[in-house]
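Chemist: Questions regarding the structure given below will be posed in turn.
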Amino acid sequence: MQAALPERQENCWALPEMILDPDRYFDPEPGQRKIARELYQRVAGMPIVSPHGHVDPTLFVDEGVSFGTPTSLFIIPDHYVFRMLHSQGIPMEALGIPRVDGGPVETDHRKIWQVFAENFYLFRGTPSGAWLTEELVDVFGVTRKLDGNSAQDIYDQIAEKLEQPAFRPCALFESFNIEVLCTTDSATDPLDAHKKIRASGWHGDIRPTFRPDNVVNLLTLGWRENIITLGEVSGVEINSYSSFIEALEKRRAAFKMLGATASDQAAISAYTHELSPFEAENIFQHALNGDVTGNEAAQFSAHMLMESARMSLEDGLVMQIHIGSIRNHNSATFRKFGPDKGADIPERSEITHNLSVLLNKYGNDPDLSLILFVLDESTFARELAPLAGHYPALKAGPPWWFYDSINGMRRYFDLVMETAGIYNTVGFNDDTRAFPSIPARHDVWRRACANWLAGLVVRGIIDIEDAHVMVVDLVYNLAKKAYRFDTN
Amino acid sequence: MQAALPERQENCWALPEMILDPDRYFDPEPGQRKIARELYQRVAGMPIVSPHGHVDPTLFVDEGVSFGTPTSLFIIPDHYVFRMLHSQGIPMEALGIPRVDGGPVETDHRKIWQVFAENFYLFRGTPSGAWLTEELVDVFGVTRKLDGNSAQDIYDQIAEKLEQPAFRPCALFESFNIEVLCTTDSATDPLDAHKKIRASGWHGDIRPTFRPDNVVNLLTLGWRENIITLGEVSGVEINSYSSFIEALEKRRAAFKMLGATASDQAAISAYTHELSPFEAENIFQHALNGDVTGNEAAQFSAHMLMESARMSLEDGLVMQIHIGSIRNHNSATFRKFGPDKGADIPERSEITHNLSVLLNKYGNDPDLSLILFVLDESTFARELAPLAGHYPALKAGPPWWFYDSINGMRRYFDLVMETAGIYNTVGFNDDTRAFPSIPARHDVWRRACANWLAGLVVRGIIDIEDAHVMVVDLVYNLAKKAYRFDTN
Amino acid sequence: MQAALPERQENCWALPEMILDPDRYFDPEPGQRKIARELYQRVAGMPIVSPHGHVDPTLFVDEGVSFGTPTSLFIIPDHYVFRMLHSQGIPMEALGIPRVDGGPVETDHRKIWQVFAENFYLFRGTPSGAWLTEELVDVFGVTRKLDGNSAQDIYDQIAEKLEQPAFRPCALFESFNIEVLCTTDSATDPLDAHKKIRASGWHGDIRPTFRPDNVVNLLTLGWRENIITLGEVSGVEINSYSSFIEALEKRRAAFKMLGATASDQAAISAYTHELSPFEAENIFQHALNGDVTGNEAAQFSAHMLMESARMSLEDGLVMQIHIGSIRNHNSATFRKFGPDKGADIPERSEITHNLSVLLNKYGNDPDLSLILFVLDESTFARELAPLAGHYPALKAGPPWWFYDSINGMRRYFDLVMETAGIYNTVGFNDDTRAFPSIPARHDVWRRACANWLAGLVVRGIIDIEDAHVMVVDLVYNLAKKAYRFDTN
């Protein structure tokens, strides 16, 4: 790999330090930059509202929990990071990614860090590069550029910090000024971590999110075991579709008791369809008997989106749908390392037709809050914004995953806002597993919002008064309202 | 709704006035802005050519016709406006939108205006917001920002203006400097309004456009009644496919007599297909008998695009096709309020294959002028521009509907012009029902063109001489030539 | 046509000279422009690496070969040029494009040039316009703008140059500073020109590329004749699938002997599928018997992509796939003038599912270098970048064809780089038949890279040190490495 890198020039423009530009991500035109800076200053210090993400709640069950080594913090849990190294031919074993079969992988965290540092140039111009740099500088006080030469010194510096109480997850939660953090939790999860956090007396506001994917998608590996677990945690004997629904409703209530304000469903497509009770029961029995067909499972998933909407209207949980990701595209990686290893690849999506059954039944009800996340930007202006700009129940989710980036946000503003208006959007989600990256991710959003609005001001599209209101809405109010934290 | 709005800050940047930035929509970089201003000045005062839109011709049958109240002017007829209010949970009844069943809706226009004003913040950064602001300021001399506080004063101010002769439609037509305005009229329309305008002696150039949607799409609600009406207005007894064609040809001739230079067809897709006379007759008879299938209707629509092209070549009417809109997506809204209520949602489109039958038969004939409008921007660079950049008959229609906006125009220039060149495009269409918004919409286009060309000049892609020629072409010549106003 | 052109204004901004702005294609903001200029200066003079294109190798078999007239150089071989003239109704016969049947076409090259010059305004703002201008100015020293008035003088000026030894292809190859140029050659091509070049003693590095389209796509017109030719040039009697594979492998070896480092396959879609040896043989026999079905041919093409990947792993040739072009969309043009006449139109593409069979079998092998070119930009961020950012074997090909342009490159950087990183891309391909346009095309890329990187620098996304490394990688190193010129 290294051979590909041209020799670094030793000359006047060499910058061995890693510095964060205080005006980073702002357009360079001085007029716009000045206004962007002004708008950013207004929101830079606001509390972080993080309504959707994948942080492990066990990090917060006890104020003494530590992140471990720099490698266990930055590399091993972050598939955004190791998929890029993998793309250049570095085996995931060499990065310490645990194997499903427990087989040997690299355990020398300093060695893994060295490989990472030597290949850190791969992240130039990527959002991961921006987040990592911001974490290194802002959270850990690193000032040298990360490369093969500086690797071990920087490792030492971070490791030393990670042993300090101020770098425990609970302490960082507070210094990050997080007002609320939602995790994502399986419907079958007993939520022990969340119970412990509540019992601990620690005042951080951490809430679960109800995610029924592994029971509503009948072809999920281990579905029948999941149903048994769901029966156990809900206290409902599940032998029929109606008892299944009852169990889900009980779990939703239990999630709500622990602060949940939202559910979330991942679906390949936005296809919605309503089954008759008889059809639903019939398919569910096939699944229990292990002879459900692919088509039945697809119809059932489509039906369960309808059911989620109905339940949301009844219990008030906000409904989230994430569509368009083909999970585990790389079978070899999946077999060896399991899911969520950077091999989930988007596919083309369709919303106008697929979501019409749900929208026609529930979309006119302003009491439903349905937030749709898509990975196909061609739907942004064509389908998502027109639908969100018409149906009271539907809101456009923020730029997700590959689009949680400077360009992704700019394109989102460009494609969505003219038709939907910002008030049919819901602010920002960081959607991350990497807890220490949360401030960096929200900072990108805040800067992107400030810069976008500044662009509207200098083009005479909005005035500065409105821009000041809108930047606070985009950074804080819209998420808080859409996820009903203001009333829960 | 209002609760969602953060409190407005009372401080130095408060701007209670509503002011139009004279450099609005121009890029802020001073070099580009200077050239944009120069190019804009060249075309700002040129006459408006409006070759496609939906203004009601009865507004012009008599110079005494009035627009009514501010609410009947700005809100009730404009689905761009009330769909946004609806998206935030405001019932359309509360906005005075007439119900199909004649049931009760709000009739207090001041009350409706108040709701509109209190929610005017929803339009921040949207094209509707820009047009409305420009109309309020430029046409009605409003200077305060529209919100809940200023609502009634502004209502008074507009209402007072609307009673003056200078604010009658005919007077505004002249003060707007409209050279030609085309309406859209059903094939079955007897064109009484157009006849009256011609007979009135008023010199405004208003022309009909031949739109056969409700007779060529066999599944249109009320199709058989439409065929009877078509028979009546054309004087042809329609009992066969061939008499149907004869009736259409007669109507086209009648439209031409009243100044029409173009036809227009809305189609879900660009699918074209040629039926044999026997097949066409057979399907037409099924339709007359009320037992046509969905597939037959689709084949017939595809065939009628071919027929339109043939007729266009014979009678010289420019052919327009608008594709990709799923009409009346919201059934409840459609049942209660009828069509064109802000619930038409785009779908993905395909042109390369769908249009190939038509292009292969007629596309090489420079005597055909076929203008294609699409709502799927992913086709702009991929299909529309390459096809328009090859076939002599095909021109790329301007950015339509949701894309008739600052961003939409910028993306259109970006995606279409490199491959098609500007001379395979046709200038601008305002496509509006909202007559007083016409100058604002054309002004956005003029500014967008000036700014785009200025960007090319400062990047050394074109020189200033060419930019001066191109801006006049884009604003005036291309539309006039493509719609054959220069020769009709 | 000329009538469409508004009268040229005779006033202060008239610029009768044609001048290349030294800062062309750079953003106007002075801070960014300064850095863009600095980065551009670094790479402006670097050797040209041209790993994929369609230049005719016979131009170089003898240092005395000439380009002929200005018309034979600029117009007749360049479908980018004449398709635009055709789109405005100028018959291809009038441009001297040879007919398949040998029928009469215009032979007066001065007359053709005059038509071209009078219509040169059609290319305003297009990449062809930019390249042509740059060729006229930089290669031929033209200083007047090309139009109807200057046409004959400019013709004289170019014609005079073309007779000089310095304007022979071999001489230009050297003055253009081309380090390596790859042509594209059918699998059935005996490569006589390449042999002659090698034998001539001339030191230009010109290499063939193995293109098996006309034998792996069983429905290719003349497929059986192609198989006979393939048998002859390979010395393998082809009567079975296995002998067909053997012949291909022999041809690949022969191409390698003459310097080839890559193969290339054009496919409508990225669909990959593996046939059993029995199935492959069966389909191949059907093809030999002339009774292969459309579906069999599609399966076979999909299988041959798998075979190409296998062969690439064995012989080390880089594998290129170009997808998404519907060839010869205009049947009349195809019948009269043959293929490659500007009527190839892109269609929507899909990669995530279509390429999964190949990627799952070979994608994790870093020894495979698979470069994918697409014409559907909606796949860039959604599919291409995520796949290239995960699979070690896959690299994103540069912006191709209609996207080999200033806007196309900008969108490519915008959509691809955040997710793939630049190190999963392969630099630039000029992909041209128009040899004298090579420097202009590479210059656009170099300027686009410099400007993009400068934009990242002024936004604080990368530092200037990294920008200097990245611009050299994008302009030179990435192509050289991806196409293995560094090791071959």
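Chemist: Please go through the stretch C:285-328 and pick out each residue that is within 24 Å of C:PRO398 (Cα to Cα) and in a loop (DSSP other than H, G, I, E, B).
Modeler: C:GLY316, C:LEU317, C:GLY324, C:ARG327, C:ASN328
Chemist: Does C:ALA479 fit the bill of being in contact (Cβ under 8 Å) with a residue 60 or more places away in the chain and either out of contact with any strand residue (DSSP E or B) (no Cβ under 6 Å at 6 or more places or on another chain) or of a type in the set (Asp, Glu) (or both)?
Modeler: Answer is no for this residue.
Chemist: For the stretch B:102-160, what are the residues that are farther than 21 Å from B:TYR25 by Cβ and of a type in the set (Gly, Ala, Ser)?
Modeler: Result: B:GLY102, B:GLY103, B:ALA117, B:GLY141, B:GLY148, B:SER150, B:ALA151, B:ALA159.
Chemist: Let me ask something else. Here are the criteria: (1) among the hydroxyl-bearing types (Ser, Thr, Tyr); (2) surrounded by 24 or more Cβ atoms within 10 Å (Cβ to Cβ); (3) out of contact with any helix residue (DSSP H, G or I) (no Cβ under 7 Å at 6 or more places or on another chain). Tell me which single one B:SER356 does not satisfy.
Modeler: Of everything listed in (1) among the hydroxyl-bearing types (Ser, Thr, Tyr); (2) surrounded by 24 or more Cβ atoms within 10 Å (Cβ to Cβ); (3) out of contact with any helix residue (DSSP H, G or I) (no Cβ under 7 Å at 6 or more places or on another chain), B:SER356 misses just condition (2).
Chemist: Scan the stretch C:38-54 and tell me whether some residue there is crowded, with 22+ Cβ neighbours inside 10 Å, touching a residue at least 24 places away in the same chain (Cβ under 8 Å) and in a loop (DSSP other than H, G, I, E, B).
Modeler: Taking every residue of the stretch C:38-54 in turn, at least one turns out to be crowded, with 22+ Cβ neighbours inside 10 Å, touching a residue at least 24 places away in the same chain (Cβ under 8 Å) and in a loop (DSSP other than H, G, I, E, B).
Chemist: Do we have any residue at all in the stretch C:429-437 that's crowded, with 23+ Cβ neighbours inside 10 Å, within 18 Å of C:HIS468 (Cα to Cα) and modelled with pLDDT of 95 or more?
Modeler: no
Chemist: Follow-up. Among the residues of the stretch B:243-254, is any outside any helix (DSSP H, G or I) and out of contact with any strand residue (DSSP E or B) (no Cβ under 6 Å at 6 or more places or on another chain)?
Modeler: Kept after step one, since they are outside any helix (DSSP H, G or I), are these residues of the stretch B:243-254: none.
No.
Chemist: Sticking with this one: Could you list, in sequence order, the residues of the stretch B:99-110 that are surrounded by fewer than 14 Cβ atoms within 10 Å (Cβ to Cβ) and either over 16 Å from B:ASN328 (Cβ atoms) or not assigned by TED's automatic domain parsing to the domain that holds B:ILE158 (or both)?
Modeler: Result: B:ASP101, B:GLY102, B:GLY103, B:PRO104, B:THR107, B:ASP108.
Chemist: Just for the stretch B:466-488: of the residues that are among the aliphatic types (A, V, I, L, M) and more than 9 Å from chain C (Cβ to nearest Cβ), which one is farthest from A:ARG459 (Cα to Cα)?
Modeler: B:ALA482
Chemist: State the number of residues belonging to the stretch C:170-189 that are surrounded by 15 or more Cβ atoms within 10 Å (Cβ to Cβ) and assigned to a loop (DSSP other than H, G, I, E, B).
Modeler: The total comes to 6.
Chemist: Okay, moving on. If you go through the stretch A:404-446 one residue at a time, how many are in contact with an Asp or Glu (Cβ under 9 Å, 6 or more places away or on another chain), more than 14 Å from chain B (Cβ to nearest Cβ) and closer than 16 Å to A:LEU474 by Cβ?
Modeler: As a first pass, look at the stretch A:404-446 and keep what is in contact with an Asp or Glu (Cβ under 9 Å, 6 or more places away or on another chain): A:404-408, A:410-412, A:415, A:422-423, A:427-445.
Now narrow it down to the ones that are more than 14 Å from chain B (Cβ to nearest Cβ): A:404-408, A:428-445.
Adding the requirement that they be closer than 16 Å to A:LEU474 by Cβ leaves A:404, A:406, A:408, A:428-430, A:441-445.
Adding up the residues that qualify gives 11.
Chemist: May I pose another question? Considering (1) modelled with pLDDT of 95 or more; (2) touching a Phe, Trp or Tyr at 6+ places or on another chain (Cβ under 8 Å); (3) closer than 26 Å to B:THR261 by Cα, say which one B:GLU63 fails and leave the rest.
Modeler: Tallying (1) modelled with pLDDT of 95 or more; (2) touching a Phe, Trp or Tyr at 6+ places or on another chain (Cβ under 8 Å); (3) closer than 26 Å to B:THR261 by Cα, B:GLU63 fails exactly one: (1).
Chemist: Looking only at residues in the stretch B:85-96 that are of a type outside the set (S, T, N, Q) and part of a loop (DSSP other than H, G, I, E, B), which one is farthest from the other protein chains (Cβ to nearest Cβ)?
Modeler: Step by step, filter the stretch B:85-96, then rank; the result is B:GLY96.
Let's see how each residue does on (1) out of contact with any Ser or Thr (no Cβ under 7 Å at 6 or more places or on another chain); (2) small (Gly, Ala, Ser); (3) surrounded by fewer than 16 Cβ atoms within 10 Å (Cβ to Cβ); (4) in contact (Cβ under 8 Å) with a residue 60 or more places away in the chain:
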| position | (1), (2), (3), (4) |
| --- | --- |
| A:GLY235 | yes, yes, yes, no |
| A:ILE238 | yes, no, no, no |
| A:ARG251 | no, no, no, yes |
| A:PHE278 | yes, no, yes, no |
| A:VAL292 | yes, no, no, yes |
| A:GLU307 | yes, no, no, yes |
| A:MET319 | no, no, no, no |
| A:ILE323 | no, no, no, no |
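Chemist: Name the single residue, out of those in the stretch C:199-216 being in contact (Cβ under 8 Å) with a residue 60 or more places away in the chain and either surrounded by fewer than 20 Cβ atoms within 10 Å (Cβ to Cβ) or not assigned by TED's automatic domain parsing to the domain that holds C:ASP56 (or both), that is farthest from C:ILE283 (Cα to Cα).
Modeler: At the first step, the residues of the stretch C:199-216 found to be in contact (Cβ under 8 Å) with a residue 60 or more places away in the chain are C:200, C:202, C:204, C:206, C:208-210, C:212, C:216.
Among the residues that remain, those that are also either surrounded by fewer than 20 Cβ atoms within 10 Å (Cβ to Cβ) or not assigned by TED's automatic domain parsing to the domain that holds C:ASP56 (or both) are: C:200, C:202, C:204.
On the way: C:SER200: 43, C:TRP202: 45, C:GLY204: 43 Å.
So, considering only residues that are in contact (Cβ under 8 Å) with a residue 60 or more places away in the chain and either surrounded by fewer than 20 Cβ atoms within 10 Å (Cβ to Cβ) or not assigned by TED's automatic domain parsing to the domain that holds C:ASP56 (or both), the one farthest from C:ILE283 (Cα to Cα) is C:TRP202.
Chemist: Return the residues of the stretch A:452-465 that are facing another protein chain (nearest Cβ under 7 Å) and farther than 13 Å from B:ASP21 by Cβ; say none if nothing qualifies.
Modeler: A:GLU465 - this is the single residue of the stretch A:452-465 that is facing another protein chain (nearest Cβ under 7 Å) and farther than 13 Å from B:ASP21 by Cβ.
Chemist: Yes or no: B:ILE345 crowded, with 24+ Cβ neighbours inside 10 Å and either closer than 27 Å to A:TRP452 by Cβ or small (Gly, Ala, Ser) (or both)?
Modeler: In short, yes.
Chemist: Something else: Restricting the search to the stretch C:158-169, which residues are out of contact with any Ser or Thr (no Cβ under 9 Å at 6 or more places or on another chain) and either over 23 Å from C:HIS203 (Cβ atoms) or surrounded by 14 or more Cβ atoms within 10 Å (Cβ to Cβ) (or both)?
Modeler: Going through the stretch C:158-169, the residues out of contact with any Ser or Thr (no Cβ under 9 Å at 6 or more places or on another chain) turn out to be C:160-161, C:164-165.
Selection gives C:GLU160, C:LYS161.
Chemist: Working only within the stretch B:41-84, note down all residues that are within 13 Å of another protein chain (Cβ to nearest Cβ) and of a type outside the set (Val, Ile, Thr).
Modeler: Once the filter is applied, which keeps residues that are within 13 Å of another protein chain (Cβ to nearest Cβ) and of a type outside the set (Val, Ile, Thr), the stretch B:41-84 yields B:GLN41, B:ARG42, B:MET46, B:HIS79, B:TYR80, B:PHE82, B:ARG83, B:MET84.
Chemist: Quick check: anything in the stretch B:365-387 more than 7 Å from chain C (Cβ to nearest Cβ), surrounded by fewer than 24 Cβ atoms within 10 Å (Cβ to Cβ), of a type outside the set (Gly, Ala, Ser) and in contact with an Asp or Glu (Cβ under 7 Å, 6 or more places away or on another chain)?
Modeler: Looking for residues that are more than 7 Å from chain C (Cβ to nearest Cβ), surrounded by fewer than 24 Cβ atoms within 10 Å (Cβ to Cβ), of a type outside the set (Gly, Ala, Ser) and in contact with an Asp or Glu (Cβ under 7 Å, 6 or more places away or on another chain), one finds none in the stretch B:365-387, hence no.
Chemist: Something else now. I'm trying to understand the selection: among the residues of the stretch A:63-98, which are in contact with a Gly (Cβ under 6 Å, 6 or more places away or on another chain) and either polar (S, T, N, Q) or outside the structural domain of A:LEU136 (by TED's automatic domain parsing) (or both)?
Modeler: Residue satisfying the conditions is A:SER87 alone.
Chemist: A further question follows. Kindly evaluate C:ARG24 against the criterion of being more than 30 Å from B:ILE35 (Cα to Cα), outside the structural domain of C:TYR121 (by TED's automatic domain parsing) and modelled with pLDDT of 95 or more.
Modeler: Judged against the criteria, C:ARG24 is not a match.
Chemist: Could you check the stretch B:84-132 and list, in sequence order, the residues that are farther than 24 Å from A:TYR362 by Cβ, free of Cβ contacts under 8 Å to residues at least 24 places away in the same chain and not small (Gly, Ala, Ser)?
Modeler: B:PRO104, B:GLU106, B:THR107, B:ASP108, B:LYS111, B:ARG124
Chemist: For the stretch B:358-390, how many residues are within 22 Å of B:LEU313 (Cβ to Cβ), part of a helix (DSSP H, G or I) and acidic (Asp, Glu)?
Modeler: The number of residues fulfilling the criteria is 0.
Chemist: Suppose we filter B:GLY338, B:GLY324 for residues that are more than 12 Å from every other protein chain (Cβ to nearest Cβ) and on the phi > 0 side of the Ramachandran plot; which single one remains? Break it down stepwise before answering.
Modeler: Working: B:GLY324 fails: more than 12 Å from every other protein chain (Cβ to nearest Cβ).
That would be B:GLY338, the only listed residue that is more than 12 Å from every other protein chain (Cβ to nearest Cβ) and on the phi > 0 side of the Ramachandran plot.
Chemist: Checking the condition surrounded by fewer than 22 Cβ atoms within 10 Å (Cβ to Cβ), of a type in the set (A, V, I, L, M, F, W, C) and under 23 Å from the mean Cα position of the chain (by Cα), which residue from B:VAL416, B:VAL426, B:VAL472 passes?
Modeler: Going through B:VAL416, B:VAL426, B:VAL472 in turn, just one is surrounded by fewer than 22 Cβ atoms within 10 Å (Cβ to Cβ), of a type in the set (A, V, I, L, M, F, W, C) and under 23 Å from the mean Cα position of the chain (by Cα): B:VAL472.
The values are calculated or read from the model by the stated rules, or taken from the named source; none is laboratory data. These numbers come from a predicted model, not from an experiment. Every residue, glycine among them, receives a Cβ derived from its backbone with ideal geometry; neighbour counts consider all protein chains shown.
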